[in-house]
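Notes to accompany the following structure.
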Amino acid sequence: MIIFGVSVFYIFGLIGTGQFHCPQCGGDRDYEHRTARRFFTLFFLPVIPLDKVGEAVRCQTCKTRFDPIVLRRPTTAQLASALPAAMRAAAAIMVRAGGASDAAVRAAVDGVHEAGAADYDVSHLQADSGQPTELAVEPLRNLAANFTQDACERQLANAVRVGLADGPLNQQEREALHWIAEQLGMTPAHATGVIATVEQSITRG
């Protein structure tokens, strides 16, 4: 008896591998991203490739297949680095806008430490401050895309403290803060409120 038919296989057409956040496992896992292809089968074995029917991401731990859209979700490791990366970007912008006074530099380094980068120091800040402003867009927007509004407000507030470390905010610092807030998805009114609240708390302190 000859048994033949048509089945879909995922064992061919490797597109890529890496780590992703597996919705089934609830953590970072290795994956394979493959093309799903229909095959003519003989005795249940793929013999003749037919048409492609889509793509799938397969978790190497639980073996569950997912739509490739899952690769857009950040991994736990990426989320852990998002906060310090955003604060590094904001601190560098504020130091450039207001000048690298000792007080501002200390506040900038302290802000990045608070965000989770314990090994960050003055040499890192100097290097960051020499980078084009455009490079700060991605880490700030990445923070806004993956964290709550409260987290974004805290990062902006820390940036305000960098500007206030050596005295009242100047016009360049205010413009820099509003630019940072815009990348974090805040409206001008929202940004103004956060800035004013920090200013008032510093004055009262």
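Annotations for the structure displayed:
- Inside region 36-50, residues that are modelled with pLDDT of 60 or more and aromatic (F, W, Y) make up a count of 1.
- Flag if V109 is open to solvent by less than 30 Å² (accessible area, probe 1.4 Å), farther than 19 Å from R29 by Cα, without any contact (Cβ under 8 Å) to a residue 60 or more places away in the chain and not in a loop (DSSP other than H, G, I, E, B): yes
- Pick from region 130-153, criterion open to solvent by less than 70 Å² (accessible area, probe 1.4 Å) and hydrophobic (A, V, I, L, M, F, W, C), ranking: nearest to S81 (Cα to Cα): L143
- When residues of region 23-35 are limited to those that are within 12 Å of D67 (Cα to Cα) and surrounded by fewer than 17 Cβ atoms within 10 Å (Cβ to Cβ), the one modelled with the lowest pLDDT: T35
- Scanning region 113-129 for any residue that is surrounded by 23 or more Cβ atoms within 10 Å (Cβ to Cβ), free of Cβ contacts under 8 Å to residues at least 40 places away in the same chain and in a helix (DSSP H, G or I) turns up nothing.
- The C-beta contact set for region 78-93 (first residue open to solvent by less than 20 Å² (accessible area, probe 1.4 Å), second residue among the small types (G, A, S) and not in a helix (DSSP H, G or I), distance under 6 angstrom, 6+ apart or interchain) comprises P84/G116; P84/A117.
- Screening the candidates T133, T148 for the property of being within 24 Å of V194 (Cα to Cα) and without any contact (Cβ under 8 Å) to a residue 12 or more places away in the chain yields one hit, T148.
- Tally, over region 62-77, of residues that are open to solvent by less than 90 Å² (accessible area, probe 1.4 Å) and part of a loop (DSSP other than H, G, I, E, B): 4
- Residues that are surrounded by fewer than 21 Cβ atoms within 10 Å (Cβ to Cβ) and under 11 Å from E199 (Cβ atoms) within region 162-176 comprise P168, L169, R174, listed in sequence order.
The values are calculated or read from the model by the stated rules, or taken from the named source; none is laboratory data. As the structure is a prediction and not an experimental result, all values here were calculated from the model. Neighbour counts run over all protein chains shown; Cβ positions are idealised from the backbone, glycine included. Heads up: the accessible areas ignore ligands, DNA and RNA and are worked out on the full protein's heavy atoms, side chains in. Shrake-Rupley method; radii C 1.70, N 1.55, O 1.52, S 1.80 Å.
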